[in-house]
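K.L.:
To start, I am sharing the structure in question, which I have written as structure tokens.
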Amino acid sequence: MIIALLTAPAARAFTAHTARKLSPFLTSSSTTTNQQQQHKHPHCSRNSRLFSSSTSSVEQLSSTSVGTPSTHFDDGTGPFEITTPIYYVNDKPHIGHAYTSLACDVIARYMRLSGRDVYFLSGTDEHGQKVETTAKDAGMDPQSFCDEVSQSFRDLLGLLNISNDEFIRTTQGHHKEAVQHFWKELADKGAIYLGSYEGWYSVRDECYYNESELVDGKAPTGAEVAWMKKEDSYFFKLSDYQDQLLEYYESHPDFIAPKSRRNEVVSFVEGGLKDLSISRTTFDWGVPVPGDDDHVMYVWLDALTNYMSALGYPNKEEGSNFDKFWPASLHVVGKDILRFHAVYWPAFLLAAGLPLPKRIFAHGWWTKDGEKISKSLGNVIDPVDLIETYGVDPTRFFLMSEVNFGSDGDFSDQKMIFKVNANLSNELGNLNQRIMTLVFKNCNKAVPTEIGALTEEDEALLATAASLRERTGEAISTQSIDKYVQNMVSMVWDANKYIDVQAPWVLKKTDTERMNTVLYVLMEVMRHVAVLYQPLMPTSSNVILDQLGVPEDEREFEHLGKEECKILLGREVSKPKAVFPRFEVPETVEA
């Protein structure tokens, strides 16, 4: 049930007192229209003079440059390919798929708004024994089954407002041609040979396991395994690349993140690599091995190649998408499929003489109410249900802010309600409502036309806002999405504290010039907040920017530090409307 927004006094009381009481819920497991013409106005010079008094430090922090902070693995300016794993079509999407897609979307949007040339890839993995079996059980042919389930993933991306540039399917003709070309490249390099295989295999994981890896007779993921009887198979000489991989991990310490996952991969490789079976003969639903139609390719060799086939591989000519975006800047994956991306994939690429991706980031899993999510427990979280209940942007906000990105997280409706009510409705939403209502009612329905000199408190708040791009950029550049959100939430808290201390509703009776100055400072701070919240909450942020009167062509990060893009004095404003609803807390939860 949705109830009304808090009144301004109630919001102030919440910020000062109740928020502290609910702090465990607020931070949870976190470490804390038409294109408008660029505005021109006789008061623009007034804007410049007003903010020039805050010294050059603000200008330095509020950079107008294009790009993001550079790291050891990214120069901060070049083309940027970011990928989700392609999702396996054996069942409908769940919260894990939504989580990975949202993380990539936040990063991709941030990079685009920073002026980077971005290629954001997602898609579906549609071959393998599990798909063939599941389709048969559903009374469908594999292709029709894949068409139906793949569309459900594409629909989810639309519902979540995901901005992917391409959606690839491994059943597409150009992908299959790329995979066969890649196989030939590996074969020509002498990295593939024909042999026979028997051993433990998990159909659910589409993965082979050594006896030593089994836990209570199951795969490390908990999946059932079965003994695969001896059959002919092509093998990839994975053992030949053990030393090369370890040397690469050593010389590129940021290749795998977080550090704990890197350590797991290094330990696995140090334990010894065996040659990898990369074809099967016991089912037909896969890409045929070139020159041997009795075999279809192992699903992971097929699937991993999507990161290049989507870029037009094997076309590597100068000016091609492959030439522009490869090697990929970032693969984001769940921790359960890290081995395939951090061991098999770089080994394949080393064998083919192709560049390795710059970074692989593995995130954690979600539980619900402290329990593992499973169909048998009946606690599967449907992301479509979350969107229908809470809305798109609140869902995006919660999933990206609730846990340290890379760690496991726990979902509950109570946590989501507390966080959304506190950080969005009570803090950000009410702050915007208070500012714009005061401007609308007390400044003739327009941005103030005259402003007084800035105080130390004004300049301090503006300086904090001006540094927000740098601080959030550093967080996003290292995939610390939760820290990006923390910086944004902290900025809103600072602005709420400022408005409570300055009390413009009192100043309107005693000092209208000071009231005008305070409201203008707050509008300028909100411009920074809304512009920088766009990667996480694109719809809500643009609603706020509309209310502030920020032209649509001045909402990229480079506009934040430009004098001519500051809030325009005298611009008319419309009557504000609430941006975020507030949700009723269940009676079982004590606030």
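The values are calculated or read from the model by the stated rules, or taken from the named source; none is laboratory data. Model, not experiment: these values are computed from the prediction. Using ideal geometry, Cβ is built from the backbone for each residue, glycine included, and neighbour counts are taken over all protein chains shown. To get the accessible areas, we keep the full protein, side chains included, count just its heavy atoms, and leave off ligands, DNA and RNA. Shrake-Rupley method; radii C 1.70, N 1.55, O 1.52, S 1.80 Å.
K.L.:
Excluding ligands and nucleic acids, what accessible area in Å² is computed for Met436 using a 1.4 Å probe, to the nearest 10?
P.N.:
Per-residue accessible area (Met436): approximately 0 Å².
K.L.:
Of the listed peptides 90-98, 458-466, what is their order by residue-averaged count of other C-beta atoms within 10 Å, with the highest listed first? Before the final figure, lay out each step's value.
P.N.:
On the way: 90-98: 19.3, 458-466: 20.9.
Put in order of decreasing packing, that is 458-466, 90-98.
K.L.:
For Arg109, what accessible surface area do you get with a 1.4 Å probe? Give it in Å², rounded to 10.
P.N.:
Taking all protein chains as shown, Arg109 has close to 40 Å².
K.L.:
Additional query: List every residue whose amide H lies under 5 Å from the amide H of Thr71, counting only residues 5 or more places away in sequence or on a different chain, with H placed 1.01 Å from N in the peptide plane.
P.N.:
Gly76
K.L.:
Under 12 Å from the Cβ of Leu536, count the other residues' Cβ atoms, weight Lys and Arg +1, Asp and Glu -1, and hand me the total. Mind showing how you got there, number by number?
P.N.:
Numbers: positive: Arg109, Arg396; negative: Asp105, Asp393, Asp482.
Within the 12 Å Cβ shell, the charges total -1.
K.L.:
Which FRET efficiency value, to the nearest 0.05, do you get for Lys274 and Trp493 by plugging their Cβ-Cβ distance into 1/(1 + (r/R0)^6) with R0 = 51 Å?
P.N.:
Values: r = 54 Å, r/R0 = 1.05.
Efficiency, rounded to the nearest 0.05: 0.40.
K.L.:
Now for a separate question. Please give the Cα centre distance for segment 294-348 versus segment 549-578, rounded to the nearest Å.
P.N.:
What the calculation gives is 42 Å, centre to centre.
K.L.:
Let me ask you something else. Just subtract the alpha-carbon distance of Asp410 and Lys324 from 0.36 nm times their residue separation and send over the number in nm, one decimal.
P.N.:
Numbers: separation 86, 0.36 × 86 = 30.96 nm, distance 3.88 nm.
Full-extension gain reported as 27.1 nm.
K.L.:
Distance from the Cα centre of segment 70-99 to that of segment 445-490, in angstrom?
P.N.:
Value for the Cα centre distance between the two parts: 28 Å.
K.L.:
Give me the accessible area of Glu564, 1.4 Å probe, in Å² rounded to the nearest 10.
P.N.:
Result for Glu564: roughly 80 Å² accessible.
K.L.:
Quick one: length gained pulling Asn379 to Val266 fully straight, 0.36 nm per residue minus the C-alpha distance?
P.N.:
Working: separation 113, 0.36 × 113 = 40.68 nm, distance 3.42 nm.
Result: 37.3 nm gained on full extension.
K.L.:
Treat each spin label as a single point 7 Å out from the Cα along the C-beta direction, and report the Glu513 to Glu224 distance in nm.
P.N.:
8.1
K.L.:
Turning to a different aspect of this structure: Measuring from label point to label point, each 7 Å out along Cα→Cβ, what is the Asp165 to Lys577 span in nm?
P.N.:
3.4
K.L.:
Could you work out the helix-only [θ] at 222 nm for the chain, with each DSSP H run of four or more residues adding -39,500 (n - 2.57) and the total divided by the number of residues, to the nearest 500 deg cm²/dmol? Can you show the working numbers first?
P.N.:
Values: 24 runs with 255 residues, N = 591.
Dividing the helical sum by the residues of the chain leaves -13000 deg cm²/dmol.
K.L.:
Can you give the FRET efficiency for Glu317 and Asp500, using 1/(1 + (r/R0)^6), R0 = 51 Å, r = Cβ-Cβ distance, to the nearest 0.05?
P.N.:
Taking R0 as 51 Å, the efficiency between Glu317 and Asp500 is 0.25.
K.L.:
Pop a pseudo-label 7 angstrom from the Cα along the beta-carbon direction at both Glu584 and Ser239 and give the gap in nm to one decimal.
P.N.:
6.6
K.L.:
For the peptides 491-501, 77-87, what is the packing order when you average, over each peptide's residues, the other Cβ atoms within 10 Å and list the highest mean first?
P.N.:
On the way: 491-501: 18.7, 77-87: 22.3.
Result, highest mean first: 77-87, 491-501.
K.L.:
Looking at the chain, send over the antiparallel percent of its DSSP beta bridges, to the nearest 5. Walk me through the intermediate numbers first.
P.N.:
Numbers: 24 of 47 bridges.
In the chain, DSSP labels about 50 percent of beta bridges as antiparallel.
K.L.:
Going 7 Å from the Cα of Leu194 toward and past its Cβ, which residues in segment 297-338 have a backbone nitrogen under 11 Å from where you end up?
P.N.:
No residue passes the distance filter.
K.L.:
Return a whole-number percent for the relative contact order of segment 389-521, with Cα pairs under 8 Å and 6 or more residues apart as the contact set.
P.N.:
34
K.L.:
Give the calculated FRET efficiency between Ser65 and Asp216 to the nearest 0.05, with a Förster radius of 51 Å applied to their Cβ-Cβ distance. Numbers along the way, then the final one.
P.N.:
On the way: r = 55 Å, r/R0 = 1.08.
The value I calculate is 0.40.
K.L.:
How much length is gained on full extension from Thr389 to Asp294, taking 0.36 nm per residue of separation minus their Cα-Cα distance?
P.N.:
Extra length available between Thr389 and Asp294 comes to 29.2 nm.
K.L.:
Let me ask something else about it. Taking H as built 1.01 Å from N, whose amide H comes closer than 5 Å to the amide H of Asp125, not counting residues under 5 places away?
P.N.:
Distant-sequence amide H within range of Asp125: Tyr87, Tyr88, Val89.
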